[in-house]
Amino acid sequence: MAYQIPRGTQDLLPEKSYQWQALERTLREFCYLYNYDEIRTPVFEHTNVFKRENDSSDMVNKEMYTFQLENSKTSLTIRPEGTAGVVRSFVENKMYANPDLPVKLYYMGPMARHERPQKGRLRIFNQFGIECLGNKSPFTDVETIVLAFSILKALGLNDLKVCLNTLGDDASRAAYRQALQTYFEPYVDTLCSDCKRRYAQNPLRILDCKVDHDKECMKNVPKMKDYLNDESREYFETVCHLLDELEIPYAVDDQLVRGLDYYTHTVFEIVSMNQEMGAQSTVLAGGRYDHLIPYFGGPEQMSGIGWALGMERLLIALEAEGITLEEKPGLDAYLMCLDESARMYAFKILTQLRAYGYRCDMDMLQRSFKAQFKAVDRSHAKFALIIGEDERKNHLITIKNIEKKTQESISQDQLIEYLDHYFVDEDHH
Ligand code: ATP
Ligand code: MG
């Protein structure tokens, strides 16, 4: 029987790993700059961490990998997103008592959702996300958007669109919800089966439907902005004003409601406008949540805001714009061992080079001179160190500069100095 990877999952193969590491490095550097600390929460949580009362989102209702082991009453769910686990941990570890609020956290790692696999849509995918917990200020909202935008810009993306909306506070949303129910009432029968459920449970979700999106009845839907109370409107206006001040380009999108239920006030997405992205063009998404911290047992009124980016989708967007972050770097040196009697001598040199910080490798297959030389080529090494019986006897090394095609014989004691001169003094790294 052949073994195959499950549908909708991927191996990260070694040739791509440098690209991922470069991405992860940039993300960490930006978090360091913005004073965000890393948090790692478990890959599965108790199901009720994700499945909250009255949640109407597809993710919670249809896409979760939930399991229960035999002889166990505990229902566990592999995390479909990062925020819920981070907020659970924030409350459980009483981070809300920190004298310096907000607590600024970032995470990255795999998430699982049972979706129909397609380009940019996987069943196991990786998210990088931030959460800023414990205060509520338009400045904080904007800080998180600036961080998101700066990261994507620094990675080299150009075809970006920042979409912004507000869902207002509870009173505004209740008024809007009522207006949507009144508006959609005559159309309920024409909506998809999910939207029929959404109509009763959370009509805002209808605006996010990918099936009903282009239907006639979607054209004149009431707009959230007409139902905002003064406080909510002012909050959103300040967010927009601050973005203007910082010259962050954005577009207000009345229909943006986001795929998760817990959002209040500011919500946003960053979309890649590149043609090749197809339907899966949202790279990053997030928003403010007023109720999640109290829901998990934290202080009433304590708010948070966060976003997450899909790392696979981000790499697709980079590729679409012709950007490669990093490829596998060449070796500093490759050791060719031409005689078995010299292997121990060569092996010691290899170990010494590594101790001095040189990235190197050595033939372990007793291959011919020609075959070993091809390996040097493939390794993109700067130097080939040729070691045979003569070299061993006389404590020498034949060193060949691949680019310059020059070759000389040096004593073993000179090797590190020789390489330091090339790499450190002349800065060939
Ligand atoms: P979509 O509308 O594409 O289903 P979503 O609203 O479910 O997205 P979020 O839960 O906000 O997405 O997740 C944030 C980001 O994570 C998305 O913008 C996307 O980049 C990425 N993402 C979400 N689901 C998947 C998936 N199944 N495969 C790959 N990336 C995903
Ligand atoms: Mg989704």
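The values are calculated or read from the model by the stated rules, or taken from the named source; none is laboratory data. It should be emphasised that the depicted structure is a prediction, and the values quoted were computed from it without experimental measurement. Cβ: placed from backbone, ideal geometry, glycine included. Neighbour counts: every protein chain shown. Each accessible area value is taken on the protein alone, full model and side chains, heavy atoms only, with ligands, DNA and RNA left out. Shrake-Rupley method; radii C 1.70, N 1.55, O 1.52, S 1.80 Å.
Determine the equivalent ellipsoid of the range 122-234 by diagonalising the alpha-carbon gyration tensor, then write out the semi-axes as square roots of 5 times the eigenvalues, largest first, rounded to whole Å.
Gyration-tensor ellipsoid for the range 122-234: 30, 21, 14 Å.
Would you calculate a helix-derived [θ] at 222 nm for the chain, using -39,500 (n - 2.57) for each DSSP H run of n ≥ 4 and dividing by the full residue count, to the nearest 500?
-10000 deg cm²/dmol
Could you pull out every residue, at least 5 positions away or on a different chain, whose amide H is within less than 5 Å of the one on PHE44? Hs are placed 1.01 Å off N in the peptide plane, and Pro or chain starts have none.
Sorted by chain and number, the residues that satisfy this are ARG79.
Within 10 Å of each candidate Cβ there may be at most 10 other Cβ atoms; applying that plus a DSSP loop requirement, which chymotrypsin sites (Phe, Trp or Tyr not before Pro) in the range 1-57 survive?
Taking the range 1-57 and a limit of 10 other Cβ atoms within 10 Å, the loop chymotrypsin sites (Phe, Trp or Tyr not before Pro) found are TYR3.
Compute, for the chain, the length of the dipole vector about the Cα centre, with Cβ point charges of +1 (Lys, Arg) and -1 (Asp, Glu) only. Units Debye, rounded to 20.
On the way: 51 positive and 66 negative charges, 299 e Å.
The dipole magnitude comes to about 1440 debye.
If you place +1 on the Cβ of every Lys and Arg and -1 on the Cβ of every Asp and Glu, how big does the dipole about the Cα centre of the range 180-249 come out, in debye to the nearest 20?
Computed about the Cα centre, the dipole is about 540 debye.
Run through every distinct alpha carbon pair of the range 239-283 and return the Kirkwood hydrodynamic radius in angstroms, one decimal place.
12.5
Could you please report the charge total around GLU389, scoring K, R as +1 and D, E as -1 over all other residues with beta-carbon less than 10 angstrom from its beta-carbon?
Taking every other residue near GLU389 into account, the sum is -2.
For the range 377-429, how big is the tail of P(r) above 12 Å, as a whole percent of Cα pairs?
67
For the range 254-326, what's the radius of gyration and Dmax over Cα atoms, in angstrom?
According to the Cα coordinates of the range 254-326, Rg and Dmax are 15.6, 47 Å.
If you average over every viewing direction, what projected area does the convex hull of the Cα atoms of the range 57-206 give, in nm²? Don't skip to the end; give the middle numbers.
Working: hull surface 53.6 nm².
Mean projected area of the Cα convex hull: 13.4 nm².
Which of the three applies to the range 1-54, rounded, prolate or oblate, going by the alpha-carbon gyration tensor with a ≥ b ≥ c and a/c under 1.5 meaning rounded?
In terms of gyration-tensor shape, oblate.
With only alpha-carbon atoms counted, please give the Rg and Dmax of the range 50-110, in Å.
In order Rg, Dmax, the Cα atoms of the range 50-110 give 14.5, 44 Å.
Tally up the carbon and sulfur contribution to the accessible surface of the chain as a whole percent, 1.4 Å probe, everything protein left in place.
49
Pull up all non-local amide H partners of LEU167: gap of 5 or more, or a different chain, and H-to-H distance under 5 Å with H placed in the peptide plane.
HIS265, THR266, VAL267
Just to confirm, what accessible area per residue do you get for the chain at 1.4 Å probe, in whole Å²?
It amounts to 51 Å² per residue over the chain.
Tell me, rounded to the nearest percent, the portion of alpha carbon pairs in the range 1-139 spaced more than 19 Å apart. Write down the numbers at each step before the final one.
Numbers: 5946 of 9591 pairs.
For the range 1-139, the fraction of Cα-Cα distances above 19 Å is 62 percent.
Among LYS405, LYS223, LYS382, determine the one that fluctuates most according to a GNM of the chain built with springs between C-alpha atoms less than 10 Å apart.
Greatest mean-square fluctuation among the candidates belongs to LYS405.
Please express the shape of the chain as an equivalent ellipsoid: the semi-axes are the square roots of 5 times the eigenvalues of the C-alpha gyration tensor, given largest first in whole angstrom. Mind showing how you got there, number by number?
On the way: eigenvalues 591, 108, 92 Å².
Largest first, the chain gives 54, 23, 21 Å.
Quick one: what are the phi-derived ³J(HN,Hα) couplings along the range 218-226, Karplus 6.51/-1.76/1.60 with θ = phi - 60°, whole Hz, x for glycine and proline?
7, 5, 10, 4, x, 9, 3, 4, 7
Using only Cα atoms, find the angle between the long axis of helix 369-379 and the longest principal axis of the chain, and express it within 0 to 90 degrees, rounded to the nearest 10.
The angle comes out near 30 degrees.
With θ set to phi - 60°, apply the Karplus curve 6.51 cos²θ - 1.76 cosθ + 1.60 along the range 41-56 and write out the HN-Hα couplings as whole Hz, x wherever there is a Gly or Pro.
Whole-Hz 3J(HN,Hα) from phi for the range 41-56: 10, x, 6, 10, 9, 4, 3, 5, 5, 9, 8, 9, 3, 6, 6, 10.
If the reach is capped at under 19 angstrom between alpha carbons, list the aspartates and glutamates near LYS348, excluding any in the same chain fewer than eight residues apart.
ASP332, ASP339, GLU340, ASP361, ASP363, GLU389, ASP390, GLU391, ASP413, GLU417, ASP420
Quick one: grab Rg to one decimal and Dmax as a whole number for the range 333-428, Cα atoms only, in Å.
12.3, 35
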